[in-house]
Amino acid sequence: MTDRLAPLTEALLAAATKAGAGAADAIAVDGTSVSVDVRAGALEQAERSEGIEIGLRVLVGKRQACVSASDTSDRTIAEMAKRAVAMAREAPEDPTLGLADKSELASAWDLAALDLADNAAEPGPADLEDDARRAEAAALGIAGVSQCQSASASYSNRRIFMAASNGFAGGYGRTSRSISAVAISGEGLKMERDWAAESRTYQSDLPSAEEIGRLAGTRATERAGARKPKTGAYPVLFDERIASGLIGHLLAAINGSAIVRGSSWLRDAMGEQVLPTGLSIYENPHRPRISGSRPFDAEGLATEARDVVRDGILKGWTLDLGTARKLGLKSTASATRGTSSPPSPSISNIALTQGDHSREQLLEEMGTGLLVTSMIGSSINATTGDYSRGASGFWIENGQISYPVNECTIAGNLRDMLLRITPANDARAHLSHVVPSLLVEGLTLAGE
């Protein structure tokens with residue numbers, strides 16, 4: 001990887017300096033992705049993409065511009081640098097722009113400990129098609145499944161290298177292997193669908209295609225006969241596979257970009273309680289074989305574990321250098337970027353404190369209410385935290401599933417909702433966001 005990508009970033013930096021840039025950083029990405037879709041026992045689609053993309057950010061004083069290309073010729077690199085510098089000279093000034101100081105840069109990291117790239121051979125198209133076919137067959141083998149909307153298998157191998165005129169240089173690779181299936185039960189207007197999907201860094205860690213297909217089929221049949229739930233104020237249990245979305249709204253609200261704009265419902269909440277006492281959100285970008293792990297951020301800073309929320313109290317924003325400087329704070333080494341865009345803050349792996357009870361025990365405790373297994377659409381006010389989303393799942397009576405439901409709306413305010421959550425203990429450890437099922441008291445349901 002270094003032999004192929006590092007020289008490209010070096011050439012980009014040299015071209016930027018020659019074109020008149022005061023500082024610059026460059027990124028080169030080499031990737032391969034393969035995906036196969038099967039439907040009704042036949043190959044529906046097979047795609048493969050591979051190639052190199054390069055990106056250059058130049059700074060001229062306190063102005064910046066970004067350019068990218070998929071052509072790596074010397075002529076293209078020189079032209080990129082010239083255009084970037086010309087664009088930067090016309091860009092508005094931003095006093096917070098600038099590369100990291102050399103003293104802030106990551107100087108050593110252990111890629112072997114992160115274990116982000118599987119050394120196993122790339123699966124052939126026939127292997128992926130076989131996975132998809134087996135997942136579809138397993139879904140169709142569940143009594144009550146009328147059809148499989150899709151079954152897919154994919155593989156990707158991505159390598160990245162970054163360098164900057166402040167002396168930083170580093171890269172790493174990442175692999176991913178996935179299988180998914182979407183099953184449908186019923187016919188005509190009574191059709192209901194559900195899905196199952198799994199993705200792993202290592203192919204050997206991936207569950208079998210049959211297991212994934214059966215789970216999709218079982219979920220679809222459980223939804224047969226869905227109807228609207230009752231209207232009123234009820235407790236709602238967000239199933240583990242969607243609960244991370246609820247925590248995701250909190251993570252979006254503490255993103256430095258939103259805080260700088262003043263458009264976050266948590267903009268004044270630093271040091272305040274945002275979760276119940278006893279609950280914490282811990283970020284760890286160094287978890288082995290996890291999709292969100294990274295040895296350094298897009299500005300060359302060493303990534304570190306940190307408490308985002310500790311014992312219910314918000315401890316910090318998610319910041320890159322730019323947003324940190326605007327707020328008079330220190331970067332949390334959270335910068336990410338693509339080849340055509342400047343750095344921006346983004347959180348990596350997080351884990352929410354798990355509870356003492358299983359999902360079934362929380363259902364018993366809630367008595368009557370709604371178990372949500374999927375969300376539809378979104379109407380969320382990023383400034384106030386007002387929350388309204390379409391949902392489907394199961395109606396709970398006396399702590400037991402009574403019947404499947406659809407076409408309902410859940411409403412509340414995120415600040416209040418998150419202060420009333422009770423976590424289960426069913427989070428899946430292999431995910432980047434490890435969040436269990438979450439019980440939220442007193443939400444408004446619009447159904448019948």
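The values are calculated or read from the model by the stated rules, or taken from the named source; none is laboratory data. Keep in mind that what you see is a predicted model, and the values were worked out from it rather than measured. Positions of Cβ are generated from backbone atoms using ideal geometry, with glycine treated the same way; all protein chains shown enter the neighbour counts. Quick note on the areas: whole protein, heavy atoms, side chains included, nothing else; ligands and nucleic acids left out. Shrake-Rupley method; radii C 1.70, N 1.55, O 1.52, S 1.80 Å.
What does the net charge come to around Ala28 if you take all other residues with beta carbon closer than 15 Å to its beta carbon, with K and R at +1 and D and E at -1?
Combined, the nearby Lys, Arg, Asp and Glu give -2.
Order the peptides 53-62, 138-147 from the highest to the lowest mean number of other Cβ atoms within 10 Å of their residues. Each step should come with its number before you reach the end.
Values: 53-62: 23.6, 138-147: 19.4.
The densest-packed peptide leads the list: 53-62, 138-147.
Using the Cα centre of the stretch 221-349 as origin and beta-carbon charges of +1 (Lys, Arg) and -1 (Asp, Glu), tell me which of Ile281, Ser348, Gly245 is placed farthest towards the positive end of the dipole.
Farthest along the dipole direction, towards plus: Gly245.
Tell me which GluC sites (Glu not before Pro) from the stretch 89-151 have a DSSP coil assignment and no more than 12 other beta carbons within 10 Å of their own.
Answer by residue number: Glu93.
When Lys and Arg each count +1 and Asp and Glu each count -1, what net charge do the other residues less than 14 Å away from Glu79, Cβ to Cβ, add up to?
Result for the neighbourhood of Glu79: +2.
Students often forget the sequence filter, so: which lysines lie under 27 Å Cα-Cα from Lys230 once same-chain residues fewer than 8 apart are removed?
Of all the lysines, those that pass the test against Lys230 - Cα under 27 Å, at least 8 places apart if same chain - are Lys190.
For the stretch 367-441, what D do you get in µm² per second when you plug the Kirkwood radius from alpha-carbon pairs into Stokes-Einstein at 25 °C and 0.890 mPa s?
Working: Rh = 13.7 Å.
Rounded, D is 179 µm²/s.
Put Arg200, Arg83, Arg415, Arg75 in order of accessible area, largest first, 1.4 Å probe: what do you get?
Final ranking, largest accessible area leading: Arg75, Arg83, Arg415, Arg200.
Roughly to the nearest percent, how much of the accessible area of the chain is carbon and sulfur, given a 1.4 Å probe?
With neighbouring chains kept in place, the figure for the chain is 48 percent.
List, in the order given, every pair from Lys62/Lys82; Lys18/Lys330; Lys102/Lys326 whose Cα-Cα distance in the structure shown is over 24 Å.
Long pairs (Cα-Cα over 24 Å): Lys18/Lys330.
Give, rounded to the nearest 20 debye, the magnitude of the charge dipole that the chain has about its Cα centre when Lys and Arg contribute +1 at Cβ and Asp and Glu contribute -1 at Cβ.
Here the size comes out at about 1140 debye.
Within the set of other residues whose C-beta is less than 14 Å from the C-beta of Ile347, count the net charge using Lys and Arg as +1 and Asp and Glu as -1.
Working: positive: Arg287, Arg294, Arg306, Lys315; negative: Glu283, Asp297, Glu304, Asp307, Asp320.
Net charge in that neighbourhood comes out at -1.
Of Ala121, Ala40, Gly170, which is farthest on the positive side of the dipole of the chain, counting Cα position, with +1 on Lys and Arg Cβ, -1 on Asp and Glu Cβ, and the Cα centre as origin?
Result: Gly170.
Among all helices in the chain defined by DSSP H, which have a length of 18 Å or more along the axis from Cα atoms plus a Kyte-Doolittle mean of at least 0.5?
240-253
I'd like the accessible area for Ser346: 1.4 Å probe, protein heavy atoms, all chains in place, Å² to the nearest 10.
40
If we sort 255-263, 21-29, 186-194 on the protection proxy, mean other Cβ atoms within 10 Å, highest first, what's the order? Before the final figure, lay out each step's value.
Values: 255-263: 18.8, 21-29: 24.2, 186-194: 14.3.
My ranking of the peptides, most packed first, is 21-29, 255-263, 186-194.
Starting from 0 in steps of 10 Å, tell me what percent of the Cα-Cα pairs of the stretch 287-355 lands in each bin.
20, 49, 27, 5, 0
Of the labelled options (i) 4, 21, 31, 26, 14, 4, 0; (ii) 4, 18, 24, 26, 19, 8, 1, 0; (iii) 4, 16, 21, 21, 16, 12, 7, 3, 1, 0, which one gives P(r) over Cα pairs in 10 Å bins from 0, in percent as computed for this structure?
Identified label for the calculated read-out: (ii).
Quick check for me: using +1 on Lys/Arg Cβ and -1 on Asp/Glu Cβ, what's the dipole size of the stretch 248-389 about its Cα centre, in debye to the nearest 20?
The calculated dipole for the stretch 248-389 is roughly 620 debye.
I'd like to check one number: the per residue accessible area of the chain, probe 1.4 Å, reported in Å² as a whole number.
Ligands and nucleic acids excluded, the result is 43 Å² per residue.
In deg cm²/dmol, rounded to 500, what helix-only [θ] at 222 nm does the chain give when every DSSP H run of at least 4 residues adds -39500 (n - 2.57) and the total is split over its residues?
Rounded to the nearest 500, the figure is -7500 deg cm²/dmol.
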